[in-house]
Every structure is written in structure tokens, then in C-alpha cells.
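The values are calculated or read from the model by the stated rules, or taken from the named source; none is laboratory data. All of these numbers come straight from a predicted model, not from anything done at the bench. Cβ placement follows ideal geometry from the backbone for every residue including glycine, while neighbour counts extend to all protein chains displayed.
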Amino acid sequence: MTSEQASAPGINQAIRIERVSRIWAPSYSLFPNRSEAERMQATYDTYRVRPLD
């Protein structure tokens, strides 16, 4: 299997990825001055998780 094809057990079809685009969260537009660290902290707070040390 190549990076351009994917399949699942029991399915004999493949898909071809023709284009990849970045998906931006709305907060990137709503809060353009936030640093990457602030974005990460907001995500941790939202999902009540913490990064691995």
C-alpha cells in the first residue's frame, strides 16, 4: 500500500488522494495574535488534558 492509497479489511477498493489541504481551526482567525503556546494551552484546558513530559 502506498501513501496515496488506503484500504480497510473486507473492502476491495482503494482511494487516491489527489490533494491535501491544511484545515485551520476557527480560533486561528478569531485570535490571530495568540502564540502557539497560548493555542496549545487553550486546547489542553478545553479537553482537560496535559502534555506528556
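Details
- Taking every residue in segment 12-25 that is within 26 Å of Thr43 (Cβ to Cβ) and pairing it with any residue that is surrounded by 10 or more Cβ atoms within 10 Å (Cβ to Cβ) and modelled with pLDDT under 90, at least 6 positions away or on another chain, yields no pair with a Cβ-Cβ distance below 8 Å.
- Meets criteria (on the phi < 0 side of the Ramachandran plot, modelled with pLDDT under 90, part of a loop (DSSP other than H, G, I, E, B) and touching a Lys or Arg at 6+ places or on another chain (Cβ under 7 Å)) for Gln5: yes
- Whichever residue in segment 8-41 is among the acidic types (Asp, Glu) and closer than 30 Å to Leu52 by Cβ and, among such residues, is modelled with the lowest pLDDT: Glu36
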